[in-house]
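Asks: Starting off with a structure, shown below.
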Amino acid sequence: MSKKKTVVAIPDETVISKIYLIRKHKVMLDIDLAELYQVETGRLNEQVKRNADRFPEDFMFQLTNEEWESLRSQFAISKKGRGGRRYAPFAFTEHGVLMLSSVLNSERAIQVNIQIMRIYSKLKGMIMDHKDILLKLEKLEGKVSKHDENFKIVFDYLRELLNPKTEPMRKIGFKHAKED
């Protein structure tokens with residue numbers, strides 16, 4: 001008799017929303033991974049500490065207080081003294097997430113990791129597609145005659161769409177009259 005495996009169904013959008021760009025790395029935080037694996041964050045970090053040799057700096061790092069404060073303010077994560085955590089979370093790179101399945105030896109951890117790895121692969125593919133499109137645009141732009149401004153405008157708009165400028169997030173909400 002073969003053992004039937006349970007397939008974990010987490011929407012891709014849920015996983016993608018938990019991937020952050022920190023220190024030029026796409027990472028997932030310990031608190032988000034613990035939620036996906038359905039384990040306590042403390043237990044996840046305990047297993048990581050017991051297997052510290054499996055998590056070099058390019059697999060996992062702890063956020064600085066500044067990075068943590070920035071994430072808190074952007075995503076309204078709870079603050080100290082209000083039931084929130086007392087230390088900055090750990091961030092796991094793609095390789096760190098992959099390594100987690102070996103230290104969290106559960107069927108759910110394995111299934112969630114498979115899904116996360118597939119999403120990372122899709123994201124890489126999308127990035128490569130973007131680069132290919134940009135290269136093709138540059139080649140086409142070189143072929144268009146210098147005096148044809150209409151094409152130049154189109155190329156500028158397309159380039160802007162493919163490489164949007166990231167502006168700092170503006171605060172959302174109402175201002176109290178005394179704040180002005």
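Asks: Tell me the net charge near residue 24. Cut-off is 14 Å between Cβ atoms, residue 24 excluded, with +1 for each Lys or Arg and -1 for each Asp or Glu.
Replies: Once all neighbours under 14 Å are counted, the net charge is -2.
Asks: First select every other residue whose beta carbon is under 9 angstrom from the beta carbon of residue 103; then total the charges, Lys and Arg +1, Asp and Glu -1.
Replies: +2
Asks: Taking the Cβ-Cβ separation of residue 70 and residue 118 as r and a Förster radius of 41 Å, what is the calculated FRET efficiency to the nearest 0.05?
Replies: Plugging the Cβ-Cβ distance into 1/(1 + (r/R0)^6) gives 0.90.
Asks: Moving on. Keeping to pairs on different chains or 8 or more places apart, tell me how many lysine pairs in the stretch 12-125 have Cα atoms under 28 Å apart.
Replies: Step by step, the pairs that qualify in the stretch 12-125 add up to 18.
Readers should treat all values here as calculations from the given coordinates under stated rules, not as data from a laboratory. All figures in this text were calculated on a predicted structure; none of them were measured in a lab. Note: ideal-geometry Cβ built from the backbone for every residue, glycine included; neighbour counts use all protein chains shown.
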